[in-house]
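No value in this document is a laboratory result; all are computed from the given coordinates. Predicted model only: the values in this text are computed from it and were never measured. Every residue, glycine among them, receives a Cβ derived from its backbone with ideal geometry; neighbour counts consider all protein chains shown.
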Amino acid sequence: MKRYIYTILIILFFCILPVTKSEGASLYLSPASGEYSVSSSFSVAIKVNSSESAINVVDATIAYPTDLLEVKSVSKNGSVLKLWTKEPTFSNSSGIVSFSGGVTAPGFIGIGTGLVINFIAKKEGQAQINFSSGTVLAADGRGTNIINSKSGATYSIKKRAATVKPPEPPKPQKKELSLAKVYSETHPDKNQWYNNQNPSFSWKISPDLIGESIEFNNNPSAIPDQISEGIFDFKNYANIEDGIWYFHLRIKNNSGWSKTSHFKVQIDTSPPNNFEIRVDDGGDKTNPSPSLYFDTTDDLSGISHYDIKIDNNYFSSVAPSEINPFIMPLQSPDLHIVTIIAIDKSGNRKDSTTTIDIRSIQIPEITAYPLIYNAGKEIMYIEGRSSPDVITILDFKKDNKIIKTWEVISDKDGNWIFSTEELFKEGPYSLSAKSRDARGAISHISQEKEIKILLSGIMIGSLLITFWQLALLLFLVIIIFIIVLLIVLYKIRKGKKAVNKEIKEAKESLKTTFHFLRNNLEKRIETFDYRDGLSSREKQIRDDIFKILESSEKIVEKEIKDIENELK
């Protein structure tokens, strides 16, 4: 008998209450793990998976340990995002990488790459990279955030393998003395420029040597004289002037003097020449991506690359061939400090800084909005004005945190309209707007508008149970109880002995089930009673439900007593 009652209740519950199906997307890092050596480079891709819903916006911030990892660069090659509302940026001081990009209509479905980060391993340890924030907006016309998971990655940084020592030079033969192999720990690469003015040189000596002669000058083909300076295996120099220098060595044994060994070192301690930055906004102060013109020279080693910082955050490294112009990534309306660092091939640096004032496009105005929104009963209707044919971004906040973002396009006259029937928890909310034009220029944020959210029932996740549904459920349950009682009474009258055990089970089941139902319904109704904003009709429904509960309980108690009398 118990299972009959529970089965009927479950069927009624799922028939009456609607269930909302949600589709989602995920952000994750690929590869999710790996093992790398100190000073090695490796790449990590930020992936988006939206196999069930079309998406048009991905926004994410990645956090990484700056003591273990350093970002060398970021790459948009192969990205499914083609419209960048916020160009990818990174900071090796704060350990973050962030970006915000969009997809053209009709959106993107599937698994794709959002961004590729190129890391350099700095020291040993377990480097954990996680999403500090992430948003994936559906291409549903409402900008619904459908993110349901964000998966980070862990990489193991190991010691670099031991450096293989160079092979020892062959021992000089008495008949023919081989050249001495010269090394430099301070300037190991003959073709590399260094800003170290103190070069040192070393070489191997054999037991049969009886003399050595050296020279250090700017002549690549100089030959030391045949006067021995003793037996030694290293030579250090200090405060050498900038330029290209050569170390020359000859060794001697009983067979005579060897030919000359030459070793070149290139020294450059002077920074690149001074330079200025010229800004070209095309005559439009609202241009979010002005062009930068800059260039300089280096008298010795030459320019290696330029590092670019925007507002003290490292943005990118560019080669000399990639400038003039250098187009800035999309910037918000504000004063921005741009620093260009010219770095020569010895690592010497020269900075130049300028300030760029990017003005705001027209700030949108919210002209109509509800002061009170009854979720589940009404449509939230919002109107406003902005520049013609621009995107207006509406930010819906609670406790200064954005919980929903919508986008709407203004018409040729600058008017826009937005409406939604979405459900939100009760409480005070704020609404603000900003505009974005076809260039990606963003306006300042409009004045916030306060909206109070009320509910017309119980909200469980995205499911709203209204007063009417609650009252209908109560009436149906009571009818089921009465039908079950009548069936039990009928069986009692037909044969007491045959149904004695079943009657006792029915009696206990009815008492337990009704007690559970009455307690839970009273709690839900009391929740409505203490909530502000009940209409007079809702108050009448509340009072009727309490009366039905009281009458139903008396009826059930009477029927149970009748059953007990029948059993006697």
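Subtract the Cα-Cα distance of Y237 and D357 from 0.36 nm times their separation in residues, and report this length gain in nm to one decimal.
38.1 nm
Normalising by the residue count of the stretch 182-267, find the relative contact order in percent from Cα pairs under 8 Å and 6+ residues apart.
Rounded, it is 37 percent for the stretch 182-267.
Give me the distance between the Cα centres of the stretch 254-316 and the stretch 359-391, rounded to whole Å.
Each part reduced to its Cα centre gives a spacing of 50 Å.
Based on the Cβ-Cβ distance from K123 to E422, what FRET efficiency comes out when R0 is 41 Å, to the nearest 0.05?
The calculated FRET efficiency here is 0.25.
Extension gain S228-T297, at 0.36 nm per residue separation less the Cα-Cα distance, in nm?
Length difference between fully extended and current span is 20.4 nm.
What pairs from K47/K122; K401/K452; K47/K398 go past 18 Å between their alpha carbons?
The pairs that break the limit, which is 18 Å between Cα atoms, are K47/K122; K47/K398.
Multiply the residue gap between N415 and K547 by 0.36 nm, knock off their C-alpha separation, and tell me the result in nm, one decimal place.
Difference between extended and current length: 42.4 nm.
Using the Cβ atoms and a cut-off under 14 Å, what net charge is assigned to the surroundings of E421, where Lys and Arg are +1 and Asp and Glu are -1?
Summing Lys/Arg as +1 and Asp/Glu as -1 gives 0.
Which three extents, in angstrom, do the Cα atoms of the stretch 182-267 have along their principal axes, listed largest first?
Here the Cα extents, ordered largest to smallest, are 40, 22, 20 Å.
At q = 0.12, 0.18 Å⁻¹, what is the log10 ratio I(q)/I(0) for the stretch 333-450, with the Debye formula run over Cα points and no solvent?
-0.55, -0.92
Between K285 and K554, what is the spin-label point distance in nm, taking each point 7 Å from the Cα along the Cα→C-beta axis?
7.9 nm
Which value, in nm² and rounded to one decimal, describes the direction-averaged projected area of the C-alpha convex hull of the stretch 278-358?
Orientation-averaged projected area of the Cα hull: 5.0 nm².
Taking the beta-carbon count within 10 Å as an exposure proxy, list W416, W245 from fewest neighbours to most.
Ranking W416, W245 by Cβ neighbours within 10 Å, fewest first, gives W245, W416.
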